[in-house]
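Have a look at the structure below before the remarks.
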């Protein structure tokens with residue numbers, strides 16, 4: 001029986017239902033984003049954020065576990081995220097967080113790795 005490349009590395013691809021989800025916590029200048037329901041490799045290698053009033057992607061830093069943070073003032077702005085998983089695949093989640101959001105809210109995308 002032939003094995004897949006993921007099996008030879010000791011990993012099995014993760015299958016999830018629905019899209020990647022984002023929960024935003026923190027406060028005005030400390031945004032903590034929990035990324036969940038990530039399929040394929042199941043882990044994120046890098047994450048960037050972009051607001052609706054900018055064309056620039058800003059890198060986010062891994063805080064702990066699946067939480068990523070930014071020290072920019074993103075409060076209430078429409079947000080897009082760019083995620084690269086540990087297998088090197090990148091997805092862009094355009095305008096996944098609507099303008100006027102509040103801390104503690106959860107947002108589901110329609111995209112999945």
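The values are calculated or read from the model by the stated rules, or taken from the named source; none is laboratory data. Everything quoted here is computed from the prediction, not taken from an experiment. Ideal geometry is used to build each Cβ from the backbone, glycine not excepted, and the neighbour counts take in all protein chains shown.
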Open item on the list: Being surrounded by fewer than 14 Cβ atoms within 10 Å (Cβ to Cβ) and touching a strand residue (DSSP E or B) at 6+ places or on another chain (Cβ under 9 Å) is the filter here; which residues of the stretch 64-91 pass it?
Closed with: 65, 71, 73, 88, 89, 90
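Test residue 75 against the stated conditions and say whether it is modelled with pLDDT under 95 and within 10 Å of the chain's Cα centre (by Cα).
Numbers: modelled with pLDDT under 95: yes; within 10 Å of the chain's Cα centre (by Cα): no.
No.
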TODO: With the checklist (1) outside any loop (DSSP other than H, G, I, E, B); (2) at pLDDT below 85; (3) over 23 Å from residue 112 (Cβ atoms) in hand, flag the one item residue 3 doesn't pass.
DONE: (1)
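If I ask for residues that are without any contact (Cβ under 8 Å) to a residue 40 or more places away in the chain and either in contact with a strand residue (DSSP E or B) (Cβ under 7 Å, 6 or more places away or on another chain) or surrounded by 13 or more Cβ atoms within 10 Å (Cβ to Cβ) (or both), which ones from the stretch 48-63 would you list?
We begin by selecting, within the stretch 48-63, every residue without any contact (Cβ under 8 Å) to a residue 40 or more places away in the chain; these are 48-51, 53-63.
Selection gives 48, 49, 50, 51, 56, 57, 58, 59, 60, 61, 62, 63.
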